[in-house]
Amino acid sequence: MAELVNLTINGQAIQAEKGALLIEVARQNGMEIPAFCYYEGLTLQAACRMCLVEVEKTPKLQVGCTLPVADGMVVHTESETVRAARKGTLEFLLTNHPLDCPVCDKGGECELQDMVFRYGAGESRFTERKVHVDEQQWSPVVFFDAPRCILCYRCVRVCNEGMGVGALGVSNRGVISEIVPNHHDYLECDECGACIDICPVGALTSGSYRYQTRPWEMNHVGTICTHCGDGCRTTLGVRDDHIIRGNNRDHSGINGEFLCVKGRYAFDFVEHAERLQSPMVRNPHGEFEPTSWSKAFTAIAEAFTAAHARGGKFGVIGSNHTTNEENYFLQKFAREGFGTKNIDHHRTGDLATFFDALSGRNDALATAGDLYTAKAVLVVGADLAQQHPFLSYQARANVRHHNAHIYAVTTGPVREDNQAVASIRVPAGGELDGVESLRDKLKAEGDLVIVFGDSIQGDGVRKLVAFGDSLGIPVKYVCLVDYSNSRGAFDMGLIPRDGGMSVQQMLAAKDLDVLWVVGANPLKNAALASSNAFVIVQDLFMTETAKHAHIVLPAASAYEKNGTVTNVCGEVQKLKQAVKVMGTKTDLEIMGSIAKEMKLNLGIWLPDKVFAEIRKNVHGYDVPLPVVDTGGAAPTMPLNGRVAALPGVVQSAGDTLFTSGSMSRYSKILNAVIESPGALYGGKGR
Amino acid sequence: MPKKLYNEPSPLETRVLSARFGLENSESLATYVANDGFKAFRKAREMKPEQIIEEVKTSALRGRGGAGFPTGLKWSFVPRSSPKPKYIVVNADESEPGTCKDRLLMEYDPHQMIEGILIAGLAMDSHKGYIYIRGEYRYLIDHMDRAIAEAYAQGYLGKNILGTGFDFDLYTHSGAGAYECGEETALLDSLEGKRGIPRMKPPFPAVAGVWACPTLLNNVETFSAIPVIIRDGGAAFAALGTPKNGGTRLLCISGHVNKPGVYEVPLGYPMLKFIEEIAGGIPGGKKLKAVVPGGSSCPILKADECDIPMDYDSLAKIGSMLGSGGMVVMDETTDMVKVALRIMRFYAHESCGWCIPCREGTTWLRKILQRFDDGGGRHEDVALLGELSKNMLGRTFCALGDAAAMPTISIVDKFADDFEKRLAAREMVAV
Amino acid sequence: MTFSPKLEEKFAKMLQAYPEGRKRSAVVPMLIYAQDEVGAVTPELIDEVARRCEVPPLQVDEVVGYYSMLHRKPMGKYHVQVCTNISCLLVGGMELYEHASKKLGIGHKQVTSDGQFSLEEVECMGACSWAPAVEINYDFYHHITPEKLDQLIDGLRKAH
């Protein structure tokens, strides 16, 4: 228990931890000391001088963001002197800040506006000439307007400390000091846009958002990013059924304000011109032509019913993007409706062996939060910064805030090297030897989270878990999986258990009668051996797989539906529909409608109803509703005894920061910014 | 042949640190050794570190860079027992307008400073030092490099110095044009290869200085005073000055005087006497108008404030500072608007830009003064100059904001007439 | 990028002056010495210094803009720096600067068309007691009058 001190802030008696920063203590007690440069979690600057406060018995105003509280301190944060000082500082700031608020993207969300409103530097005595500098474009997504910049250095710090990239610096000095990008006039970076988000004014603006809207014209919809499996909450700014912006300024969700380029910008696939907006059916000449939903449902139901009636062979391939409800409904459809065990999805991590190896120890499953609090993190065979940018961010923050120790065992250089206490380079397949070489160091750690990629499979997973368990310290694990709901797909049962066929077996079989593909693209680099199979595909775009279909159904994306997804660490979160794309239906509605057409009773196909069924039937998913309903992340406890080995291939897609399977192909932003290849994967998704 | 000095010495000087100035080859190690050089180091080698620090404390030596912090106290803050390496850094970034003394100490007697550094090394248990010299003084960097090489060659630097078993390495380090790097923490950032931005304090450099290691940082003149203090004793040095203001210091006098130059006098020397007798008075029999007592950062004194002894405490009492020893004398013809403008141009140019009040304030003030000087002045500008300066004062990250505000406040307070005269002249033209 | 053998030797020594892993410390001195030889801090020089000091080029670039003696564009063969700060101002520094500007036909930080001279109005250079002062490249000249400045400049011109 830390030593407590008694102090007074604005007449209020307060007890606080000795040495805590005054600005934080005040904030925790409901008194805001304003600041531009102070930013929780980033290094202290004491540069903006807005947080000056009066401390009795000290002659000068004190800097609230660097002042440790002490016993007997009497502080005034809003006295006349303090308010006058702040007004004076704002007057200084406004001497060169252009008052172009009417056309500034930040207008309405600008901290400088708010501060001037609060301290009333409304009249300026500045009558000299302002210095104009032209706006610069640093990347497809980052624009910089130097005169608006107030030099709070938040962008520099979030890029350097938060992202571990360090692409922004400060050049010149004095009044012509300027934020500069790492390549003199352009940026080479993660393009995450964190610098734009954290900018208190409109100095850094976003290529996709600028001049699109006034912030108050948008509705803000908090949902879960549909790209990688980290489960970041992204708050979509929606106007007139268009997504205009993605950010997470309300710090909601497990990711706080963190978002990568995908979470912040790659929502634009939603409005891609090639989005399917009508069911398509093959005409007698073999060409696709639009059809109505009802005709499509009837045709599918007839084909499914007929195949089922004659004991035909079904293959069902689900998605690692669709919701838990959809995945649950799909497997129920396959198992109960068709009576088939042939159901699978693109498995990107060996969860089956992992769950089996842990044999029921749910407490060995690490959450995203554990990466921030663990004493040590060991990354095995994965390029976290490229594939799991949020987990990478968590580990970096853990180093900065808690001096955690990072270890990396990889086949190539990774960003974790910069902070790692030990980085081991191994040949492919040599990961476990690399891990073993760290044994003594790891044994000395207080606790450990082991994060491993798809290079650890089968026996490798068992060995790795055995290694962790032998260290004699608390060890938790994360088995990395790609995409927004790989974990949910596994948990919901999109797996060929009890003798079902894997994806590869389905594609290789010559006697499939029906292949139903929901939100997946298995034929991207593979052929379908069953030339007579009736192929139904639900997707957003005319993918390689969709091109093989008899009927293609236009599906809604994650940003267009409600439901839940489970992230790479097994935490369940709710999606919230942001927009509706004309002509599409959610996969759940599509499946429900087909079931209805087939007169199958698979239950009500409303997300909440299906989720209730999941909570009842899927082990470990009886999560507290208030948590998920209020936008929280609820860890699941899916482990329950032994898990049988599964047939088929486990392979990560090897996506980078700028790829995300077929969705990234239809994101103009992601295609515009591809430049920073993942070192481990040479920048190409596998 | 004795070396020709930049200015003739005055018989009224008390030459302690500058005792060897003007000797033949005064910069050579041989001359230094032949004239008491390295006696102090040998003596210090026999002393305990605490004794050395105690001697410095007794000397009442105060930092000669500008702030005037008691040197012995500063030395005592360096944690001698720290397991980290400890460094000695010499602030030879002499940039305070009006100040040109460190140049001479390095040029004429480099080994005196080197000996001072070595003694500090003994006291701190430090074995490495850097002399941070402003880039404009390239000839001095080369000069110091030669002196250092000479000291190495003759066993006064390097391993086992003079057979005492003490090792010390000393290097020069070039700046590249930045007044702010004279601020000790900005200097440390610069020494680390960064922009010269001041650091937050605490931690102070004594605890976490260069490369986060304990660092003793003093001015050239401060280190140069160490050998005589150790050699003759702190008490003897202290006795030269006034209480709490020990010893002599090199004062640089410039501006409107007949014999501008650098002269060494005891602390507490009367200012008017210094101007009149040592610096030869004001040319043309003109009257004294104002004095910058110790570099442009100090509040400017009116003529009637100048009848004071020059020590840290006396200057502080009348609201100014002894600063870096750069005294600028202005006669009755001086236009204080131009002085205020030039001073503010300097600070606006040299503001590092880190904090808002200094960055924006100095530039705004510069613009007002420029407009005023260009003939666009308004009555309200005078008050505005004062108010804006006060909005900087005490609110900036480092002392540069204060350094810009204080002379400006003093000028608009004490020489408002100069501004009014300009306005009146302008109105006459307008009519 | 390689420099003259003399400078290479200097840099080799310089990098030894700082403790293990602290090569970044050499950034500022290396830049200014290299600038003397290269003529300006070019993008290639930034990359080279970054490589030698083992820092990202951005960290070198930041430094370049900060220090007033570092120039991204070449200055003249003779860089004439006239101090106009208070000590010099009081004894004709400003007039000296204006005289130099007229004489050379260039303004602050400009270069004559033949590349021989450049001019800079500089801050206090530490010659206050021997004002007004001029520094040409790294050579100090004290008590300078317009006439003396003319002689200096003409002499340098002839030497060329």
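Chain pair A, B: how much accessible area is buried, both chains summed, with a 1.4 Å probe, in Å² to 100? Show your work: numbers first, answer last.
Numbers: alone 27440 and 17430 Å², together 42010 Å².
The A and B chains share an interface burying roughly 2900 Å².
For a paramagnetic label modelled on A:Glu56 (point 7 Å from Cα along Cα→Cβ), amide N atoms under 12 Å away belong, within the range A:1-37, to A:7-13.
From the protein chains alone at 1.4 Å, what is the descending order of accessible area for B:Glu55, B:Glu46, C:Glu120, largest first?
Values: B:Glu55 55, B:Glu46 150, C:Glu120 15 Å².
Heavy-atom accessible area, descending, gives B:Glu46, B:Glu55, C:Glu120.
Backbone geometry of the range A:126-139 corresponds, through the Karplus equation with coefficients 6.51, -1.76 and 1.60 at θ = phi - 60°, to 3J(HN,Hα) couplings of 7, 10, 8, 7, 7, 9, 9, 10, 5, 5, 10, 9, 9, 6 Hz, x marking Gly and Pro.
Scanning chain B for DSSP H helices at least 15 Å long along the axis (C-alpha atoms) with a Kyte-Doolittle mean no lower than 0.0 picks out B:110-124, B:220-232, B:336-350, B:399-414. Rounded to the nearest 500, what is chain A's calculated 222 nm mean residue ellipticity when only DSSP H runs of at least 4 contribute -39500 (n - 2.57) each, over all residues? Here the helix-only value at 222 nm equals -6500 deg cm²/dmol.
For the C and B pair, go ahead and give the buried accessible area with a 1.4 Å probe, both sides summed, in Å² to 100.
Working: alone 9310 and 17430 Å², together 22540 Å².
Protein heavy atoms only, the C-B interface buries about 4200 Å².
Averaging the Cα positions of each part gives two centres, and for the range C:129-160 and the range A:367-400 these lie 62 Å apart.
Peptide packing for A:623-634, A:152-163 was compared via the average number of neighbouring C-beta atoms within 10 Å per residue; ordered from the highest value, the list is A:152-163, A:623-634. Applied to the range A:294-300, the Karplus parametrisation 6.51 cos²θ - 1.76 cosθ + 1.60 on θ = phi - 60° returns per-residue 3J(HN,Hα) values of 5, 5, 5, 4, 4, 4, 5 Hz, with x for Gly and Pro.
Percent of C-alpha pairs per 10 Å bin in the range B:151-231, short distances first: 16, 36, 33, 14, 0.
Taking amide H as placed 1.01 Å from N in the peptide plane, B:Gly280 has its amide H under 5 Å from the amide H of B:Lys259, each at least 5 places away in sequence or on another chain.
To the nearest 0.05, what FRET efficiency results for B:Asn160 and B:Ala19 with a Förster distance of 22 Å applied to their C-beta separation?
Details: r = 29 Å, r/R0 = 1.33.
After rounding, the FRET efficiency stands at 0.15.
Once Lys and Arg get +1 and Asp and Glu get -1 on their Cβ, which of B:Pro85, B:Gly401, B:Met310 lies farthest toward the positive end of the dipole of chain B? Of the candidates, B:Pro85 comes out farthest on the positive side.
Residues whose amide H comes within less than 5 Å of that of A:Ile450, counting only those at least five positions distant or on another chain, are A:Leu378, A:Lys476, A:Tyr477, A:Val478 (H built at 1.01 Å from N in the peptide plane).
Two-decimal Rg/Rh of the protein assembly as shown from alpha-carbon positions, Kirkwood Rh?
Numbers: Rg = 36.7 Å, Rh = 34.6 Å.
Using only Cα positions, Rg/Rh for the protein assembly as shown is 1.06.
The phi torsions of the range C:38-45, fed into the Karplus equation with coefficients 6.51, -1.76 and 1.60 and a -60° offset, translate into couplings of 7, x, 6, 8, 7, x, 5, 5 Hz, rounded to whole numbers, with Gly and Pro shown as x. For B:Lys57, a cut-off of 16 angstrom between C-alpha atoms picks up these lysines, skipping any fewer than 8 places away in its own chain: B:Lys48, B:Lys74, B:Lys244. Annotation for the range A:139-217 versus the range A:224-269: alpha-carbon center distance of 19 Å.
Take every pair of alpha-carbon atoms less than 8 Å apart whose residues are at least six positions apart; their mean separation over the length of chain A yields a relative contact order of 15 percent. Each 10 Å bin, from zero up to the one with the longest distance, holds this percent of the alpha carbon pairs of chain A: 3, 14, 23, 24, 18, 11, 5, 2, 0, 0. Relative to the longest principal axis of the Cα atoms of chain A, the long axis of helix A:459-469 makes an angle of roughly 40 degrees. Inter-chain Cβ neighbour count for B:173-182, averaged per residue, equals 6 (cutoff 10 Å, partner chain atoms only).
Its relative contact order, with pairs defined as Cα atoms under 8 Å and 6+ residues apart, puts the range B:29-240 at 32 percent.
In straight-distance terms, cross-link reach from B:Lys84 covers every one of the aspartates and glutamates whose alpha-carbon lies under 18 Å from its own, apart from those fewer than eight places away in the same chain; here that gives B:Asp125, B:Asp167, B:Asp169, B:Glu192, C:Glu20.
Packing, as the average of other Cβ atoms within 10 Å across residues, places the peptides B:126-133, B:359-366 in the order B:359-366, B:126-133, highest first.
Is it possible to state the helix-based mean residue ellipticity at 222 nm for chain B, with each DSSP H run of 4+ residues giving -39500 (n - 2.57), the sum divided by total residues, to the nearest 500 deg cm²/dmol? What is it?
Numbers: 16 runs with 178 residues, N = 431.
The per-residue figure over chain B is -12500 deg cm²/dmol.
Per residue, the average separation of C-alpha pairs within less than 8 Å and at least 6 apart gives chain B a relative contact order of 17 percent.
With a 10 Å cut-off around each Cβ of B:296-302, the average count of Cβ atoms from other chains is 1.
A simple spin-label model places pseudo-atoms 7 Å from Cα toward Cβ; at A:Arg462 and C:Lys73 they are separated by 7.2 nm. Gap in Å between the Cα centre of the range B:260-284 and the Cα centre of the range A:62-100? Distance between centres, Cα-based: 44 Å.
Take the solvent-accessible surface of the protein heavy atoms, probe 1.4 Å, and return the percent of it on the protein assembly as shown that carbon and sulfur atoms account for.
Numbers: 24530 of 46580 Å².
On the protein assembly as shown, the fraction of accessible area on carbon and sulfur atoms equals 53 percent.
Taking the longest Cα principal axis of chain C as reference, the axis of helix C:57-66 is set at about 20 degrees. Evaluated at q = 0.11, 0.18 Å⁻¹, the base-10 log of the normalised Debye intensity for the range B:113-262, with identical point scatterers placed on the Cα atoms, takes the values -0.52, -1.27.
What shape does the range A:351-480 take by its C-alpha gyration tensor, where a ≥ b ≥ c are the square roots of the eigenvalues and a/c under 1.5 counts as rounded, a/b above b/c as prolate, and the rest as oblate? Judged from the Cα gyration tensor, the range A:351-480 comes out rounded (a/c under 1.5).
Close amide H pairs (under 5 Å, H built 1.01 Å from N) link B:Gly129 with B:Ile88, B:Asp169, B:Leu170, B:Tyr171, residues at least 5 positions away or on another chain. All other residues whose Cβ lies under 12 angstrom from that of B:Lys86 are scored, Lys and Arg at +1 and Asp and Glu at -1, for a net of +2.
Please check: in the Gaussian network model of chain B (C-alpha springs, under 10 Å), which one of B:Asp335, B:Asp418, B:Asp307 has the largest mean-square fluctuation. Judging by the Gaussian network model, the answer is B:Asp307.
The values are calculated or read from the model by the stated rules, or taken from the named source; none is laboratory data. The model shown is predicted, which means the values in this text are computed figures rather than measured ones. Methodologically, a virtual Cβ is constructed for each residue, glycine included, from the backbone with ideal geometry; neighbour enumeration extends over all protein chains shown. The area values use the complete protein model at the heavy-atom level, side chains included, leaving out ligands, DNA and RNA. Shrake-Rupley method; radii C 1.70, N 1.55, O 1.52, S 1.80 Å.
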